[in-house]
1. Please go through region 106-125 and give me each residue that is surrounded by 19 or more Cβ atoms within 10 Å (Cβ to Cβ), of a type outside the set (A, V, I, L, M) and touching a strand residue (DSSP E or B) at 6+ places or on another chain (Cβ under 8 Å), ordered by number.
2. Would you point out the residue of region 126-144, among those that are assigned to a helix (DSSP H, G or I) and open to solvent by 70 Å² or more (accessible area, probe 1.4 Å), that is nearest to Asp29 (Cα to Cα)?
3. From the residues in region 151-161 that are in contact (Cβ under 8 Å) with a residue 12 or more places away in the chain and open to solvent by less than 30 Å² (accessible area, probe 1.4 Å), which one is farthest from Gln219 (Cα to Cα)?
4. On the basis of being surrounded by fewer than 16 Cβ atoms within 10 Å (Cβ to Cβ), modelled with pLDDT under 90 and of a type outside the set (A, V, I, L, M), does Glu68 make the cut?
Amino acid sequence: RPGNSWLGTVYDRNQSVVVPDFIVEEENDELIVSLNQGDIPPLHVSAEYSEMLNLYSGEDKQRPSNREAARFVKGKIDDAKWFIDAIKQRQETLFVTMSAIIEYQKEFFIDGDETKIRPMILKDIADMVGLDISTISRVANSKYVDTPYGTKLIKEFFSEAMVNDQGEEVSTIEIKKILQNIIEDEDKQKPLPDDKLAEMLKEKGYPIARRTVAKYREQLDIPVARMRKKI
């Protein structure tokens with residue numbers, strides 16, 4: 001009491017805690033990435049089963065029952081070793097993929113400035129680590145990383161490129177961040193419509209159409225101007 005009053009309620013069932021799959025820390029001006037293993041112990045085949053296999057494969061191995069038992073135990077040990085190797089391979093894939101993303105987006109991971117996130121697509125990382133795009137996609141869509149600036153879904157680091165008025169490639173994430181800042185600073189009694197937002201972005205060097213501004217605004221879960229008005 002009194003916390004148990006929440007047990008089994010709708011509120012309780014709807015709550016979820018994100019457990020990051022990776023942890024990125026800065027040590028001596030270097031970025032260190034590690035897999036978040038939590039309380040998972042190292043996997044290994046129990047010595048008891050290895051001893052059992054030796055027993056059935058020993059002096060009495062000619063007995064049919066012992067030969068059958070030896071084959072059964074050996075099969076299970078081989079299955080366990082395959083499973084352990086598969087887990088290690090998966091962990092290696094996760095580690096090299098996250099390491100490549102950190103290297104590609106190093107400027108963000110250094111100071112947390114989202115406007116420094118570079119345009120990055122799945123193929124960029126796939127080429128860096130020598131893996132299939134589908135493998136990178138699975139990592140990006142389902143994994144989280146704990147950074148000094150908060151826990152992020154990895155797919156948030158991927159974005160298409162656009163060209164600013166200087167002819168430079170910029171990330172759509174950068175444009176969305178600037179759009180969000182403009183809306184946050186607007187006069188809430190006279191919120192800016194999408195065409196005005198497009199004009200202001202153009203003035204800042206990002207010539208994008210009004211319909212693109214509307215799309216980015218919706219992706220940021222920001223309502224239209226009339227819904228943002230405060231009296």
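1. Once the filter is applied, which keeps residues that are surrounded by 19 or more Cβ atoms within 10 Å (Cβ to Cβ), of a type outside the set (A, V, I, L, M) and touching a strand residue (DSSP E or B) at 6+ places or on another chain (Cβ under 8 Å), region 106-125 yields only Phe109.
2. First, the residues of region 126-144 that are assigned to a helix (DSSP H, G or I): 126-129, 133-142.
Now restrict to residues that are open to solvent by 70 Å² or more (accessible area, probe 1.4 Å): 127-128, 133, 138, 141.
Working: Asp127: 27, Met128: 23, Ile133: 31, Arg138: 30, Asn141: 29 Å.
Taking the candidates together, the pick is Met128.
3. Filtering region 151-161 down to residues in contact (Cβ under 8 Å) with a residue 12 or more places away in the chain leaves 151, 154-161.
Adding the requirement that they be open to solvent by less than 30 Å² (accessible area, probe 1.4 Å) leaves 154, 157, 159.
Values: Ile154: 17, Phe157: 15, Ser159: 13 Å.
For region 151-161, the residue satisfying everything is Ile154.
4. Details: surrounded by fewer than 16 Cβ atoms within 10 Å (Cβ to Cβ): yes; modelled with pLDDT under 90: yes; of a type outside the set (A, V, I, L, M): yes.
The answer is yes for Glu68.
Yes/no matrix, rows are residues, columns are (1) at positive phi; (2) surrounded by 13 or more Cβ atoms within 10 Å (Cβ to Cβ):
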position: Thr172; (1), (2): no, yes
position: Asp185; (1), (2): no, no
position: Lys190; (1), (2): no, no
position: Asp194; (1), (2): no, yes
position: Val213; (1), (2): no, yes
position: Asp221; (1), (2): yes, no
position: Lys230; (1), (2): no, no
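The values are calculated or read from the model by the stated rules, or taken from the named source; none is laboratory data. In this text the structure is predicted, and so the values were computed from the model without any measurement. Neighbour counts are summed over all protein chains in view; Cβ atoms, including those assigned to glycine, are modelled from backbone coordinates with ideal geometry. Side chains included, ligands, DNA and RNA excluded: accessible areas come from the protein's heavy atoms. Shrake-Rupley method; radii C 1.70, N 1.55, O 1.52, S 1.80 Å.
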